[in-house]
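Worksheet for the structure shown next.
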Amino acid sequence: MTAETVTPVRRGRSGPRPGDVVSRVLICVVGAVFLFPFVWMLATSLKPTNEVFATGTSFFGSRIEWSNYTVAWTAIPFGRILVNSFLVALAGALLTVTVSVLSAYAFSRLRFRGRATLFGAFLATMVLPQEVLIIPLYLMMQKAGLVNSYPALILPFAFGAFGTFLIRQFLLSLPADYEEAATIDGASRLRTLVSVIVPLLRAPISVVFVFAFIEYWGSFLWPLIVVNDASMATVPIGLQMFSGERGTDWGPLMAAVTLVVLPSLLIVVLLQKQLQQGVSMGGFGGR
């Protein structure tokens, strides 16, 4: 009779490991640091203006001043400004995504002479600061008769290289089997792009859309140059209206900033999963 060797079962440690505890504490600390400006903004928006920079008062002031939000909405054409910014940001983000997908497909799938050189020159535009382009772009908009219009706010910066680069890297990581199967079925390149490839690009497209939306939403210099009518003002220009010769009305200004932050924050929260996938997969793939 053969004796069987019984191997003792080792019990794992109960409770979290010290490394996990330290990591969670660090995450909480970093999260608190990044969250503090938003909490301060919300608290300031509910303070009386004369207590914003006063010492000896509580973090939320001596009383909650809900009227700051009413003043922020009525002191300037805030509703019109929000509509302008939303239309410009949404149209600009959609146009940026369209241009990025088409150009990324051309640089990753189409074979033509000078493709690498042209792509390198296209990427080189990313290092150009916006200030260098302001005067040429304004002259172009002026000659086209587009000054003080929605196209002037949307078109100039919808053809950036960042979205093209990100989506191209993701396309290079996709096998060509999908496109070959669609071609065998008789689909054209455009039909293949729209019906086969674009559904696979949901994550990087979400990244490009969110980045473009936030960039359009917070753009200040270009709208300041190309817009000369208050009815076409966007959010950054509208916030500047709270500062005048008599100083800055900080309470309503912070209330307006709180309202302005909400759309971008909502989009990031709704597309959080796609953003994580796009950043982790699209930016580092390719060959």
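The residue that is surrounded by the fewest Cβ atoms within 10 Å (Cβ to Cβ), among those in segment 75-123 that are outside any helix (DSSP H, G or I) and not aliphatic (A, V, I, L, M), is Arg111. Selection over segment 200-219 of residues that are surrounded by fewer than 18 Cβ atoms within 10 Å (Cβ to Cβ) and over 15 Å from the mean Cα position of the chain (by Cα) gives a count of 2. Remark: Val127 falls outside the filter, which requires a residue to be touching a residue at least 60 places away in the same chain (Cβ under 8 Å) and β-branched (Val, Ile, Thr).
Residue-by-condition table, conditions (1) at pLDDT below 85; (2) hydroxyl-bearing (Ser, Thr, Tyr); (3) open to solvent by less than 40 Å² (accessible area, probe 1.4 Å):
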{"site": "Trp222", "(1), (2), (3)": "no, no, yes"}
{"site": "Ala230", "(1), (2), (3)": "yes, no, no"}
{"site": "Thr234", "(1), (2), (3)": "no, yes, yes"}
{"site": "Arg246", "(1), (2), (3)": "yes, no, no"}
{"site": "Asp249", "(1), (2), (3)": "yes, no, no"}
{"site": "Leu253", "(1), (2), (3)": "no, no, yes"}
{"site": "Val268", "(1), (2), (3)": "yes, no, no"}
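Note on segment 136-184: residues that are open to solvent by 40 Å² or more (accessible area, probe 1.4 Å), farther than 19 Å from Ile214 by Cβ and in a helix (DSSP H, G or I) amount to 14. Here Ser206 meets each of (1) touching a Gly at 6+ places or on another chain (Cβ under 9 Å); (2) assigned to a loop (DSSP other than H, G, I, E, B) with one exception, condition (2). Cβ-Cβ distance below 8 Å, separation of 6 or more or different chains: which pairs start in segment 178-199 with a residue that is more than 20 Å from Ser100 (Cα to Cα) and end on one that is part of a helix (DSSP H, G or I) and aliphatic (A, V, I, L, M)? Final answer for the pair search is Tyr178/Val196; Tyr178/Ile197; Tyr178/Leu200; Ala182/Val196; Ala187/Val196. Residue count for segment 155-171 under the criterion of being closer than 10 Å to Ser108 by Cα and more than 17 Å from the chain's Cα centre (by Cα): the result is 4.
Every condition in (1) surrounded by fewer than 19 Cβ atoms within 10 Å (Cβ to Cβ); (2) part of a helix (DSSP H, G or I) is met by Ile64 except one, and the failing one is (2). None of Leu239, Leu201, Leu224 is farther than 19 Å from Ala89 by Cα and in a helix (DSSP H, G or I) except Leu201.
The values are calculated or read from the model by the stated rules, or taken from the named source; none is laboratory data. In this text the structure is predicted, and so the values were computed from the model without any measurement. Note: ideal-geometry Cβ built from the backbone for every residue, glycine included; neighbour counts use all protein chains shown. Just so you know, the surface numbers come from the protein's heavy atoms only, side chains and all, with ligands and any DNA or RNA stripped out. Shrake-Rupley method; radii C 1.70, N 1.55, O 1.52, S 1.80 Å.
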